[in-house]
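Below: one structure, written as structure tokens.
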Amino acid sequence: MKRYLSAAAVLTAIVQPATAADLMKNPAAAIRQQDWSDVAVYPVYKGRIAVMDGRTLWYPQYAQRVRLVDIDACELPQWALDPKWLNRERHKAPSPVPCGPLAKAWLKRTVGNKPVECSVVSYDKDGIPQARCTSGGRDIAVELLRVGWARLASPYSYNSQYLAYQRHAMAARYGMWATYVLDMNEWRRKAVDKTLERQPIADANLLAERESEISPPFIDARRKPKRTDR
């Protein structure tokens, strides 16, 4: 199994094992003595891309998928529900919100026709590279977090910038934070039909038996609106 290192890590590893005396006597030999047969440097992809979903890019020139690291977004067939469910006699359920397509649409809007540079930092369990990606000098993940169409992949994220943007979006109830939506990992585990023909009622049923939700506003929708005609 190959070990993947960044270019900086490779340079650090080259220098650390050799003593100062070794480097002074024969620097080339000190470097050659390292065995790099099982080490690969993380790649950097550059060029125009196609957007596959709210967190996945496709580089046609490399025939390579790349996922945005540290964030998650609704899957394309996933639905959320609008918590503003007021006329309950006329509407028997909250209005559906296509959170997956909306996340994809915002990512496409962010990138436009500009080239994208993705620096791989790790690999997912399915082997897909996870990367920090920029377009026009902007971190793409930040743009998604800022408008609420992505969330942090882990609640223990060390990225203070990402945390700040997510907290702002949550407080303002932007994007999916204005909906009632199932946690994406739970959705992936439980959804049987993951085709684009999936109907909103399927996600409404999952939400009714949820283990966790990621957007708190729906607590308001569970309460019946107060009557004002008395």
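The values are calculated or read from the model by the stated rules, or taken from the named source; none is laboratory data. Just so we're clear, the structure is a prediction, and the values are computed from it rather than from any experiment. In this analysis, Cβ positions are derived from the backbone assuming ideal geometry, glycine residues included, and neighbour counts consider all displayed protein chains. Heavy atoms of the whole protein, side chains included, go into the accessibility calculation; ligands, DNA and RNA do not. Shrake-Rupley method; radii C 1.70, N 1.55, O 1.52, S 1.80 Å.
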In nm, the gap between the two label points placed 7 Å beyond Cα toward Cβ at E186 and R210 is 0.6
With a 1.4 angstrom probe the carbon and sulfur portion of accessible area for the range 110-193, in percent, totals 52
Per residue, accessible area of the range 48-88 with a 1.4 Å probe, heavy atoms of protein chains only, in Å², comes to 44
Long-range alpha-carbon pairs in the range 49-186, meaning those over 20 Å apart, account in percent for 46
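How about the range 68-171: which chymotrypsin sites (Phe, Trp or Tyr not before Pro) there lie in a loop by DSSP and see at most 15 other Cβ atoms within 10 Å?
Those satisfying the criteria are Y156, Y158.
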Label model pair V121, S95: point-to-point distance (7 angstrom along the Cα→beta-carbon line) in nm is 3.7
Counting only DSSP loop positions in the range 49-149, the trypsin sites (Lys or Arg not before Pro) whose Cβ has at most 15 other Cβ atoms within 10 Å are K84, R88, R90, K92, K125
